[in-house]
1. Evaluate segment 35-47: report whether one residue or more is open to solvent by 60 Å² or more (accessible area, probe 1.4 Å), more than 13 Å from the ligand (Cβ to nearest atom) and β-branched (Val, Ile, Thr).
2. Check whether at least one residue in segment 56-66 is more than 24 Å from residue 12 (Cβ to Cβ), in a helix (DSSP H, G or I) and open to solvent by 70 Å² or more (accessible area, probe 1.4 Å), and report yes or no.
3. Across segment 48-67, what is the total count of residues that are more than 16 Å from the ligand (Cβ to nearest atom) and in contact (Cβ under 8 Å) with a residue 40 or more places away in the chain?
4. Find all pairs meeting these conditions: Cβ atoms under 9 angstrom apart; at least six residues apart or on different chains; first residue within segment 1-15 and over 15 Å from residue 90 (Cα atoms); second residue aliphatic (A, V, I, L, M) and open to solvent by 60 Å² or more (accessible area, probe 1.4 Å).
5. Could you list, in sequence order, all residues of segment 75-92 that are under 12 Å from residue 57 (Cα atoms), open to solvent by 10 Å² or more (accessible area, probe 1.4 Å) and without any contact (Cβ under 8 Å) to a residue 40 or more places away in the chain?
Amino acid sequence: MSDKLSDTARKTTLEPLLENGWSMVEGRDAIHKEFKFGDFTEAFGFMTRAAIWAEKWNHHPEWFNVYNKVQITLTTHDVDGLSSLDVKLARKFDGLVG
Ligand SMILES: C[C@H](O)[C@H](O)[C@H]1CNC2=NC(N)=NC(=O)C2=N1
């Protein structure tokens, strides 16, 4: 389990994600990003790789897929808000497509 992100951590670790396509979800302490791929196979390939990391770190995305798009919301249900695990997973997901 991870603590809710401190104000300092939000500046240092969340800010870079918000400059890289992630945005705050309105009304929730959560971040969101839409990933777009060439087709469904590529999108599902990404989801498969992402799922393996999520399971390894026991931290799971809320996500929605249609064809070549994957919309992802990250938050930590155990603390009812963002934690360092969300930052860690967001960075990993960005890395999988980068
Ligand atoms: C019992 C189990 O460890 C918890 O429910 C984990 C599983 N995956 C999780 N994923 C996310 N996103 N938030 C959590 O609080 C969380 N908790």
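1. Among the residues of segment 35-47, at least one is open to solvent by 60 Å² or more (accessible area, probe 1.4 Å), more than 13 Å from the ligand (Cβ to nearest atom) and β-branched (Val, Ile, Thr), which makes the answer yes.
2. Yes.
3. Here the count works out to 1.
4. none
5. Within segment 75-92, just 88 meets the criteria.
The values are calculated or read from the model by the stated rules, or taken from the named source; none is laboratory data. Predicted model only: the values in this text are computed from it and were never measured. Don't worry about glycine lacking a Cβ; one is built from the backbone with ideal geometry, like all the others, and counts go over all protein chains shown. Only protein heavy atoms, including side chains, enter the accessible area calculation; ligands, DNA and RNA are left aside. Shrake-Rupley method; radii C 1.70, N 1.55, O 1.52, S 1.80 Å.
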